Amino acid sequence: MVIKVIDRTLPNVPQSLEDFFDQNPEICENNVHLTSTPHLPLKRDGVLFLTQRRQATSDIRENPAVQIIGSHAAMTCHIVIMRHTESHVASLGHFDNFSCWQFGEENSAHKEGIKTMIEEIEYLSQGDLDKGHIQVSVFGGYTDPRGDAKQNSMSLLKAFQESDTTLEIVYFCVGPYNTCQDKDGNNTAVLIGVAIDLRSQIIFPASFPWNNFEDFSTQLQDRFLRRTGQGSILKDEEYCKTKNSTFKPKALRNLNTYKNLQKSLGEAQQDENKKPTLKSYTFGEKLKPALMQDNSMSKEFKAMQMKESSKYLPGVSLKPVRK
């Protein structure tokens, strides 16, 4: 529909990221300001952390237990944060390459994910919806050797343009604005992670020191203990952080690809059910040779099957012995 930068409307999506940045210097300034801000280490309390391919929407008026939403490790992935300027409802999605564009633009999880984020914000905003508008910011996508991140960035811009809702872009911190060099001279991302404070509505660079292998292991242990009725390790507040939220964290899935996969699995199951059942033979009954109809088998498999078949003698018609 419409992409806005401040009060300026973008009539169409630029052909490249370079053109987009050239046409919108305000976004470039915002990007530079954000990446020059130190990362803030966050404690676990009050933070809803989302991993790759996850999305969640939260309203602090509805659920005060979630005060901050954040994510990290967006190298070629992209973290999208949306907020309503009046209701302060916020939504975050962590989009990766695999679920977004590698099956073609028409099978993009970007479109479905962006649509879900907008719909959830509009639902929770209710009476405040017309008093404000939705702002969107994008983070991640450093300049990688294969150019995967750039394609991810452009796919997101197209998804914004094709949305039915007017979106104002505040940050688009990708590509050159999220790229630095490591000690070996290789490109790497500037941002470790980002988060939004639901009270102040400030978006800031964030790190999650507790989100490590040890913490992941603890979460798995806690989940196992709870499911088996053996108690728990983590506090109930941490485990049920989104209990009072209308919209729980969910997976960002490439719907078209997922549906095609389910369809193919269903067809395979139907073919399996259509296979003829094996007939039981009585002694002395003439056997029919098996016909090999699958021409797609490899030579090695055919040779192995022939070797297996040679272990059995062909059926022989025996005549009764006369006394």
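The values are calculated or read from the model by the stated rules, or taken from the named source; none is laboratory data. Just so you know, these numbers come straight off a predicted model, no measurement behind them. Neighbour counts run over all protein chains shown; Cβ positions are idealised from the backbone, glycine included. Accessible surface areas use protein heavy atoms only, side chains included; no ligands, DNA or RNA. Shrake-Rupley method; radii C 1.70, N 1.55, O 1.52, S 1.80 Å.
Mind ordering 68-80, 11-23, 158-170 by average Cβ neighbours within 10 Å, highest first?
Result, highest mean Cβ count within 10 Å first: 68-80, 158-170, 11-23.
Sort MET82, MET154 by heavy-atom solvent-accessible area, probe 1.4 angstrom, most to least.
The residues order as MET154, MET82, largest area first.
So how long is each side of region 1-140 along the principal axes, counting just the alpha-carbon atoms, biggest first, in Å?
42, 35, 34
When the Kirkwood radius is taken over all Cα pairs of region 145-226, what Stokes-Einstein diffusion coefficient follows at 10 °C and 1.306 mPa s, in µm²/s?
Translational diffusion coefficient: 97 µm²/s.
From the Cα gyration tensor of region 157-204, with a ≥ b ≥ c the square roots of its eigenvalues, which class applies: rounded if a/c is under 1.5, or else prolate if a/b is larger than b/c, or else oblate?
oblate
Work out from phi, with θ = phi - 60° and the Karplus expression 6.51 cos²θ - 1.76 cosθ + 1.60, the ³J(HN,Hα) of each residue of region 110-123, listed in order in whole Hz, and give x for Gly and Pro.
Listing the rounded values in order: 4, 4, 5, x, 5, 4, 5, 4, 5, 4, 5, 5, 5, 5 Hz.
May I ask for the net charge around GLU119, where only other residues with Cβ less than 12 Å from the Cβ of GLU119 are counted and Lys, Arg are +1 while Asp, Glu are -1?
The answer is -3.
When the chain is fully extended, how far beyond the present Cα-Cα distance does LYS43 get from ARG227, taking 0.36 nm per residue of separation?
63.6 nm
How many angstrom lie between the Cα centre of region 3-47 and the Cα centre of region 144-185?
Region 3-47 and region 144-185 have Cα centres separated by 9 Å.
For the residue pair ASP22 and ILE192, what label-to-label distance in nm results when each label sits 7 Å from Cα along the Cα-to-beta-carbon direction?
A separation of 3.7 nm, rounded to one decimal place.
Charges at C-beta only: +1 for Lys and Arg, -1 for Asp and Glu. How large is the resulting dipole of region 132-234 about its Cα centre, in Debye rounded to 20?
Computed charge dipole of region 132-234: roughly 220 debye.
Rounded if a/c is under 1.5, else prolate if a/b is larger than b/c, else oblate: which is region 113-251, with a ≥ b ≥ c the root eigenvalues of its Cα gyration tensor?
Oblate.
Could you work out the relative contact order of region 112-212? I mean the mean sequence separation of Cα pairs under 8 Å and 6+ apart, divided by the number of residues, in percent.
26
Can you tell me how region 43-85 classifies by the Cα gyration tensor, rounded, prolate or oblate, using a/c under 1.5 as the rounded cut?
oblate
Which of the pairs LYS4/LYS241; LYS131/LYS158; LYS4/LYS243; LYS158/LYS248 have their Cα atoms more than 30 Å apart in this structure?
Over 30 Å Cα-Cα: LYS4/LYS241; LYS4/LYS243.
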